[in-house]
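Read the structure below first, then the notes.
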Ligand SMILES: Nc1ncnc2c1ncn2[C@@H]1O[C@H](COP(=O)(O)OP(=O)(O)OP(=O)(O)O)[C@@H](O)[C@H]1O
Ligand SMILES: [Mg+2]
């Protein structure tokens, strides 16, 4: 049995003005996520990727269908599903370490254990020297590493990432991908990762899910069987190039459709 | 000239200070000119020299320091009571939409009731003692603080709240440990603003039925047509306002150094 199961989850937003039309953000979608899957979700802008992730996180309610965690329906947000957002969401009044400890504090974990866990994750994301810094002094990459450590420190069953590296420059982004993959390879975790970046999607995933233009549904689900541990070098292999060619084609078709819909709307 | 009037172009701090002082100098010079030339009679407007002299007399002969202390005490007292009531209520309104729905129309209405118009009523209810003075400031400040705090807290970035929920926080934790600290710098900024307004209310309160305070001194001076004392009193209020504003700003900077500028 899979740990996370998305069953017929759809989302329709009511019209913003009276008399307007409903927005179908997500068509009923099924996705079975096995333990320790690393699934990346690709799709054109506005196809409902964030909506799907937010529903899994419990931050939004589906209009139809349900999300099951270990067989239990998800009601609201909880520490078993950690999330990292694209926009920086660190608590600015807390140091890096206090940010990482936030979930542990809410859980009522004793101080010494908090310190131990935060030490481990500070080390893991390479921010040991910055433990006492406030977010405003950090670079974009450091902020997202802190956000990642904060989510991981809670030891969630599922890690949800919504374009977490979207605002970073290309080089930082590549380093962050390796960092995240390294953590996944050694610590094992179930991950749902939304991205626009095809290379990023292939590099990280063992499954790439492609969504159609809005209203989104899953178009294809492609296994990526390249061996682990992976380094940036896999990006130059033939296998990687083949995946990239295929996914580029899939996304292109959807982007053209999304564009055409935007014009006709 | 275009060098001076390029939009948004920053000025050096030295030039900023010079220009700021120059503003005062120009006004005092104009003041001096219209009084010294006899354009305005001393009966209506004392000159800068006479005003300073009157100030000296106030402090050293009439115990003006006591008046200043009384007025500062009233402002702080009324302001602190208003803060103690309005900040928690404002936070509750900002965080809980049902609380907001209940209080918001009521307080929006009350906000437009001029505090000074309550003075006759308050004298009836509370006499002319300290309770009445504090009440005027309280009424003048409490609704404003409440509404502004509610808006600030209600405007907490959704990502912070959502991040907290996905980290396992419950409603109570989200309000106390996310919304409250996130709003704190702006709440303090609001308090700084309202403290400035409280100064205007206290003087109005002291113009009626007071036996001490800066406002009382000004009314008292009016009886003797001592425009020097009156102007000096107004001047002192300005100086105290400036100083308290400065102290508040420093406190904010110290407390909330984490906030991005
Ligand atoms: N709260 C909301 N109310 C109304 N419509 C919404 C709301 N949230 C999202 N939508 C709409 O639902 C659709 C899907 O949005 P969503 O944010 O899930 O897309 P996305 O795939 O994450 O896009 P992007 O790649 O740009 O982040 C969009 O058309 C969006 O306008
Ligand atoms: Mg999105």
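The values are calculated or read from the model by the stated rules, or taken from the named source; none is laboratory data. Just so we're clear, the structure is a prediction, and the values are computed from it rather than from any experiment. FYI the Cβ positions are ideal-geometry reconstructions off the backbone, even for glycines, and counts take in every protein chain you see.
A few points about this structure:
- Test: residue in the stretch A:203-211 that is assigned to a helix (DSSP H, G or I) and more than 25 Å from residue A:70 (Cβ to Cβ): yes
- Residue count, the stretch A:178-197 (criterion: within 16 Å of ligand 2 (Cβ to nearest atom) and either in a helix (DSSP H, G or I) or surrounded by fewer than 23 Cβ atoms within 10 Å (Cβ to Cβ) (or both)): 2
- Residues satisfying the criterion are absent from the stretch A:108-131 (criterion: more than 22 Å from residue A:70 (Cα to Cα), within 16 Å of ligand 1 (Cβ to nearest atom) and within 12 Å of another protein chain (Cβ to nearest Cβ)).
- In the stretch A:187-208, the residues that are within 14 Å of chain B (Cβ to nearest Cβ) reach residues that are within 15 Å of ligand 1 (Cβ to nearest atom) and outside any strand (DSSP E or B) with C-beta atoms within less than 7 angstrom, at least six apart or across chains, in these pairs: A:192/A:53; A:192/A:56.
- Residue in the stretch A:44-62 that is more than 16 Å from ligand 2 (Cβ to nearest atom) and more than 9 Å from chain B (Cβ to nearest Cβ) present: yes
- Any chance residue A:22 is surrounded by fewer than 21 Cβ atoms within 10 Å (Cβ to Cβ), on the phi < 0 side of the Ramachandran plot and within 14 Å of another protein chain (Cβ to nearest Cβ): no
- Residue within the stretch A:212-231 that is within 16 Å of ligand 1 (Cβ to nearest atom), modelled with pLDDT of 95 or more and either within 14 Å of chain B (Cβ to nearest Cβ) or within 22 Å of residue A:248 (Cβ to Cβ) (or both) present: no
- Residue A:165 vs. criteria away from chain B (no Cβ under 11 Å), surrounded by 19 or more Cβ atoms within 10 Å (Cβ to Cβ) and farther than 18 Å from residue B:162 by Cα: yes
- Of the helices (runs of 4 or more DSSP H) lying entirely inside the stretch B:97-206, those carrying at least 2 residues that are touching a strand residue (DSSP E or B) at 6+ places or on another chain (Cβ under 9 Å), within 24 Å of residue B:258 (Cα to Cα) and modelled with pLDDT of 95 or more are B:158-166.
Condition check ((1) modelled with pLDDT under 95; (2) under 15 Å from residue A:206 (Cα atoms)) across all residues:
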{"residue": "A:1", "(1), (2)": "yes, no"}
{"residue": "A:14", "(1), (2)": "yes, no"}
{"residue": "A:17", "(1), (2)": "yes, no"}
{"residue": "A:21", "(1), (2)": "yes, no"}
{"residue": "A:24", "(1), (2)": "yes, no"}
{"residue": "A:27", "(1), (2)": "yes, no"}
{"residue": "A:34", "(1), (2)": "yes, yes"}
{"residue": "A:38", "(1), (2)": "no, yes"}
{"residue": "A:41", "(1), (2)": "no, yes"}
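- Hits in the stretch B:61-95 - residues which are within 16 Å of residue B:233 (Cα to Cα), loosely packed, with under 15 Cβ neighbours inside 10 Å and modelled with pLDDT of 90 or more: B:65, B:66, B:69
- Test: residue in the stretch A:146-154 that is outside any helix (DSSP H, G or I) and closer than 19 Å to residue A:53 by Cβ: yes
- Checking each residue in the stretch B:151-193 for being closer than 16 Å to residue B:93 by Cβ and away from every other protein chain (no Cβ under 14 Å) picks out B:151, B:152, B:153, B:154, B:155, B:190.
- Output for the stretch A:12-45, where each listed residue is assigned to a loop (DSSP other than H, G, I, E, B), within 11 Å of ligand 1 (Cβ to nearest atom) and either under 12 Å from the mean Cα position of the chain (by Cα) or closer than 21 Å to residue A:222 by Cα (or both): A:43, A:44, A:45
- Within the stretch A:73-89, residues that are at the interface with chain B (Cβ under 8 Å from one of its Cβ atoms) and free of Cβ contacts under 8 Å to residues at least 60 places away in the same chain sit with their Cβ atoms under 7 Å from residues that are buried (at least 19 other Cβ atoms within 10 Å of the Cβ) and in a loop (DSSP other than H, G, I, E, B), at 6+ positions apart or across chains, in these pairs: A:76/A:58; A:77/A:58; A:77/A:59; A:78/A:58; A:78/B:168.
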